[in-house]
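Q: My questions all concern the structure below.
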Amino acid sequence: MSLSAPCPSPTLSSRRAEHSAAAGAPAAQEAQTCDVDEQAALLQGWNQRYEQLSAGCFEGRVTSLHLGPIQAWREFSSQALHQTGALRAGQLAIGLPSSIPGNTMFCNRSCSEGHAIVFSGDGPFEFVSPGGLEIIDFVVEQGSLEPYLTASEREQLQAQLAQPHLRPVSAHERWRLPILLSDMQQCLAQTAPGALPPRQLDEMAGDVLAAIAAVLRDGVGSEADEQLSYQRRAHIVSLARERVVATGADGSLTVEDLCQALAVSRRALQYSFQEVLGISPQSYLRAVRLNGARRAIKQGSSVSDAALAWGFWHFGRFAQEYKALFAELPSQTCKRYR
């Protein structure tokens, strides 16, 4: 990947949101650098130090986004680096390399593209990265993840998250977070500063926190969840559907809510939906939301109002998913029922 010619200091490019991150409003920016110390300083709050290991001019780029309790970076560095640092207490970081062009070590463990890098403010971290590495990082307040984890999952993860480690991550979750980051940047770039409604920003943050929680809980569960009879699984699905109908599932009902209401684990709910309905509980809830948005459009709501009312904050993505389910765009539904 080629970048611009060396420069004396970080330069901002692309659109920069005229918001104050400290005030809780979204903020996004992109910077290019030609010095490792400048690059390290762009990841604010990490107390990070970079040492350049390979020979040559350094070229780097950091795209950052701050949204509520979430900080996100997409970082590229042209040279091999030795990175050390620490988060402040109460924070948690997830790193996902998009490609690994050489030897990569995290806390003395070899890192591959199938790993998520996980560390918290409980201790320092050490990262040896090759030249040409591109990685996305998310930092969140640990407390903000609690609504997206069941009590059992929080208990199982507590000891694991106290130590920096590499975590195997599924292909789906591996690509979900980069797509969410790109979608958020696109929304901020296409909208005037301060124009995004609070509900849309809340949905953005919620989707990112849910995706981070999914990376953390991958593999968490017990063998007993796999031994349920078909009758028990069918009963779980029936109770879950009753719960969805009773609450309306306008985008606020989550898998975690169902697990808590039915007193079952996430894995038990997953297996039950897969065996009985042939889809995951997440896919079922999304289908319910898409159907709800379709009914709202048919009853006179605008496409954007219907999407946002049912928890879809990226309207282009909403249109794609709507067409995949109903074989027509939401605008076509709107036109036909007008």
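The values are calculated or read from the model by the stated rules, or taken from the named source; none is laboratory data. Small disclaimer: the values here were computed from a predicted structure and weren't measured. Glycine gets a Cβ as well: all are built from the backbone with ideal geometry, and neighbour counts include every protein chain shown. Ligands, DNA and RNA are excluded from the accessible area calculation, which covers all protein heavy atoms including side chains. Shrake-Rupley method; radii C 1.70, N 1.55, O 1.52, S 1.80 Å.
Q: Would you work out what percent of the accessible area of the chain, with all protein chains in place, is carbon or sulfur (probe 1.4 Å)?
A: C and S atoms contribute 51 percent here.
Q: For the chain, with a Gaussian network of springs between Cα atoms less than 10 Å apart, report the residue from 151, 159, 240 with the top mean-square fluctuation.
A: 159
Q: Let me ask another. Work out Dmax and Rg for the stretch 22-86 from the C-alpha atoms and quote the Rg first, both in angstrom.
A: 12.7, 41
Q: A follow-up question, please. If you wrap a convex hull around the alpha carbons of the stretch 37-170, what volume per residue comes out, as a whole number of Å³? Intermediate results must be reported in sequence, preceding the final value.
A: Values: hull volume 13.9 nm³, N = 134.
Value for the stretch 37-170: 104 Å³ per residue.
Q: Restricting attention to the alpha-carbon atoms of the stretch 93-213, what are Rg (one decimal) and Dmax (integer), both in Å?
A: Every Cα atom of the stretch 93-213 included, Rg and Dmax give 15.8, 46 Å.
Q: Ordered by packing density, taken as the mean number of other Cβ atoms within 10 Å over each peptide's residues, highest first, how do 305-313, 112-120 rank?
A: Descending mean neighbour count gives 305-313, 112-120.
Q: Shifting gears a bit: Once the Cβ-Cβ distance between residue 110 and residue 189 is put in as r, and R0 is 25 Å, what FRET efficiency do you end up with, to the nearest 0.05?
A: Calculated value: 0.10.
Q: Quick check: pseudo-label points 7 Å beyond the Cα along Cα→Cβ at residue 99 and residue 82, how many nm apart are they?
A: With each label point 7 Å from Cα toward Cβ, the separation is 2.7 nm.
Q: Give me the compactness ratio for the stretch 186-311, meaning the Cα radius of gyration over 2.2 N^0.38 Å.
A: Cα-based Rg divided by the globular estimate yields 1.21.
Q: Over the chain, with a Gaussian network built from C-alpha contacts below 10 Å, which listed residue (30, 242, 256) shows the highest mean-square fluctuation?
A: Maximum among the listed residues: 242.
Q: What area, in nm² and to one decimal, does the C-alpha convex hull of the stretch 122-167 cast on average over all directions?
A: For the Cα atoms of the stretch 122-167, the hull's average projected area reads 4.3 nm².
Q: Let me know the Rg and Dmax you get for the stretch 49-102 when you use only its Cα atoms, in Å.
A: Reported Rg and Dmax, both Å: 13.2, 39.
Q: Calculate the dipole size of the chain relative to its Cα centre from +1 charges on Lys and Arg beta carbons and -1 charges on Asp and Glu beta carbons; express the result in debye to the nearest 20.
A: Rounded to the nearest 20 debye, it is 1400 debye.
Q: Assuming 0.692 mPa s and 37 °C, estimate D for the stretch 239-338 with Stokes-Einstein, Rh taken as the Kirkwood radius over Cα pairs, in µm²/s. Working shown, then result.
A: On the way: Rh = 14.2 Å.
My calculation gives 232 µm²/s for D.
Q: Write down the accessible area per residue of the chain in Å², having rolled a 1.4 Å probe over the full set of protein chains.
A: Accessible surface, normalised per residue, equals 46 Å².
Q: Here's a follow-up. Roughly how many debye, to the nearest 20, is the charge dipole of the stretch 77-192 about its Cα centre, given +1 on each Lys and Arg Cβ, -1 on each Asp and Glu Cβ, and no other charges?
A: So the dipole magnitude of the stretch 77-192 works out to roughly 140 debye.
Q: Could I ask something else about it? So what's the chain giving for Cα Rg divided by 2.2 N^0.38 Å, two decimals?
A: Rg over 2.2 N^0.38 Å, computed on Cα atoms: 1.08.
Q: Could you calculate the contour length gain from residue 54 to residue 151, that is, 0.36 nm times the residue separation minus the distance between their Cα atoms, to one decimal place in nm?
A: 30.4 nm
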